[in-house]
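*Asks:* Okay, here's the structure, questions in a sec.
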């Protein structure tokens with residue numbers, strides 16, 4: 001096969017990677033915020049189960065979680081729920097996993113803002129919600145942006161784990177050349193795709209960080 005043909009096939013696998021990446025961020029970022037509020041809740045009925053959930057998700061390998069989500073429901077209900085949609089199983093796993101990690105980042109960012117900021121909002125007659133969105137939010141964003149950017153870049157590389165349930169993403173597409181054509185170089189070639197995408201993300205986050213420099217905390 002020609003270099004162009006191999007590049008085209010790898011790009012098709014990369015599109016699957018991009019799809020999983022985008023959808024994971026779309027759902028896990030807001031879900032992580034909700035989970036963080038549960039972790040910080042003063043009601044143990046909410047905080048203890050939430051913290052336990054986060055502990056389990058962060059303490060077990062993502063690959064194991066993919067396998068559990070894909071196979072265990074079928075074993076419990078004697079029906080392969082995700083038989084016809086492996087991508088959905090992978091997406092659910094990634095959203096849950098990254099929401100747990102993002103929740104801890106959110107929690108750390110929110111708790112890093114001095115309580116005096118909330119008190120100042122009360123003095124100005126603002127409600128707790130108004131104080132959060134008008135006074136605290138941008139300070140939190142500045143605190144959490146570096147760890148969020150690290151998690152986002154990690155997500156790009158973690159997408160390769162979905163090949164464990166036979167989804168043809170970038171790495172899986174390259175591995176098929178080894179099995180069928182005895183070609184090893186396409187596997188190394190995938191590094192170009194990852195490096196290029198991570199480079200674009202790095203430039204984007206650097207740009208955002210510079211835009212937030214005027215928020216002094």
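Read-outs: derived from the displayed coordinates by stated rules, not from any lab. In this text, all values refer to a predicted model and were calculated from it rather than measured experimentally. Here Cβ is always computed from backbone atoms with ideal geometry, including for glycine, and neighbour counts include all displayed protein chains.
*Asks:* Output the peptides 185-191, 98-104, 202-208, 33-39 sorted from most to least packed, where packing is the average of other Cβ atoms within 10 Å over each peptide's residues.
*Replies:* Ranking, from highest mean packing down: 98-104, 33-39, 185-191, 202-208.
*Asks:* Taking a ≥ b ≥ c as the square roots of the Cα gyration tensor eigenvalues, with a/c under 1.5 meaning rounded and otherwise prolate when a/b beats b/c, else oblate, which class fits region 29-113?
*Replies:* prolate
*Asks:* Same structure again: Measure nothing fancy, just the Cα-based angle from helix 62-77's long axis to the longest principal axis of the chain, in degrees from 0 to 90, nearest 10.
*Replies:* So the helix axis and the longest Cα principal axis differ by about 80 degrees.
*Asks:* I've got another one for you. With the cut-off at 1.5 for a/c, could you classify the chain from its C-alpha gyration tensor as rounded, prolate or oblate?
*Replies:* Oblate is the answer for the chain, as a/c is 1.5 or above yet b/c matches or exceeds a/b.
*Asks:* Assuming R0 = 41 Å, can you tell me the calculated FRET efficiency for the pair residue 127 and residue 45, based on Cβ-Cβ distance, to the nearest 0.05?
*Replies:* Once rounded, the FRET efficiency stands at 0.95.
*Asks:* From the Cα gyration tensor of region 114-198, with a ≥ b ≥ c the square roots of its eigenvalues, which class applies: rounded if a/c is under 1.5, or else prolate if a/b is larger than b/c, or else oblate?
*Replies:* prolate
*Asks:* Show that you can apply the helix-only estimate: for the chain, add -39,500 (n - 2.57) for every DSSP H stretch of four or more residues, divide by all residues, and state [θ] at 222 nm to the nearest 500.
*Replies:* -27000 deg cm²/dmol
*Asks:* Taking 7 Å along the Cα-to-C-beta vector as the label spot, tell me the residue 196-residue 72 distance in nanometres, rounded to one decimal.
*Replies:* 3.8
*Asks:* Put a dot 7 Å past each Cα toward the Cβ at residue 2 and residue 15; how far apart are the dots in nm?
*Replies:* My value for the distance between the label points is 1.9 nm.
*Asks:* Of the peptides 43-51, 140-148, how do they stack up when ordered by the mean number of other Cβ atoms within 10 Å, highest first?
*Replies:* The most tightly packed comes first, giving 140-148, 43-51.
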